[in-house]
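Input: a single structure, listed below in structure tokens.
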Amino acid sequence: MTDAEVVELILKANNDLNWNIDAIAKFRDNRIVSLNLNNQNVGKEGISKLVPEVEKLTELTELSINDNDLVFLPTSLFNLTKLTRLEIRNNSLMSLPGAISQLKELRELDLRNNQLAELPIEIGMLKSLYKLQLWGNNLIEIPSEIGDLTGLRELYLKGNRLTDLPEKITKLKIKYLDVLDNKLCFVDDTIDSW
């Protein structure tokens, strides 16, 4: 199955064949390296499922699935180990699978404006992660393993329901941290002086 056929399968599974493959995909040596499945019609229903065959897009480095109707992510998505950027903002994701840890090359993860109530502890295994965008979710706490993200420089947590931050976060060399619009009522002295 070619990469173009995989994309066609995703679109067909979502009853949407009105996309031009050349407009949404970038190719290198006949393989898709970047794929933009953003919903271009805000009033129209977007992609609600990804087919397991998505894992056949093995050369994919950038995937954008913004403004759609995804509630969950198939584990096959996390077999795309060359991904460096993954954008799934403005969907309805309820959870993030622990299999996210397989994306060792991931540098940017954008999960803004979903329904995430928690993060898996495996997120701490994404050592290459530079930018993590989580604002506009329902996060009550951040796992302490976030402090293991040694490459993290930008962390966006605005608009969640956080009441505190893990002390381990102070070990990071964060250049930008946004925690506005949360319910932070107790901030450890270590974090306060950080």
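The set of residues in the range 118-139 being part of a loop (DSSP other than H, G, I, E, B), among the hydrophobic types (A, V, I, L, M, F, W, C) and open to solvent by 50 Å² or more (accessible area, probe 1.4 Å) consists of W135 alone. Taking the range 97-115 as the range and being open to solvent by 10 Å² or more (accessible area, probe 1.4 Å) and assigned to a loop (DSSP other than H, G, I, E, B) as the test, the residues that pass are P97, K104, E105, R107, R112, N113, Q115. Beta carbons closer than 8 Å, at least 6 apart along the sequence or on distinct chains, pair a first residue in the range 165-187 that is more than 14 Å from P143 (Cβ to Cβ) and modelled with pLDDT under 95 with a second that is part of a loop (DSSP other than H, G, I, E, B) and among the small types (G, A, S) for L180/G159; D181/G159; N182/G159. Quick one: count up the residues across the range 1-44 that are within 23 Å of N90 (Cβ to Cβ) and hydroxyl-bearing (S, T, Y). Here the count works out to 1. Scanning the range 140-166 for residues that are over 20 Å from Q115 (Cβ atoms) and surrounded by 15 or more Cβ atoms within 10 Å (Cβ to Cβ) yields E145, G147, D148, L149, L152, R153, E154, D164, L165, P166.
Just one of (1) in contact with a Pro (Cβ under 6 Å, 6 or more places away or on another chain); (2) in a loop (DSSP other than H, G, I, E, B) fails for S76. It is (2).
Kindly evaluate N79 against the criterion of being under 23 Å from R112 (Cβ atoms) and open to solvent by 20 Å² or more (accessible area, probe 1.4 Å). Quick ask: steps written out before the conclusion?
Numbers: under 23 Å from R112 (Cβ atoms): no; open to solvent by 20 Å² or more (accessible area, probe 1.4 Å): yes.
In short, no.
The values are calculated or read from the model by the stated rules, or taken from the named source; none is laboratory data. It should be emphasised that the depicted structure is a prediction, and the values quoted were computed from it without experimental measurement. Cβ atoms come from the backbone with ideal geometry, glycine included; neighbour counts cover every protein chain shown. Please note that ligands, DNA and RNA were not included when accessible areas were found on the heavy atoms of the full protein model with its side chains. Shrake-Rupley method; radii C 1.70, N 1.55, O 1.52, S 1.80 Å.
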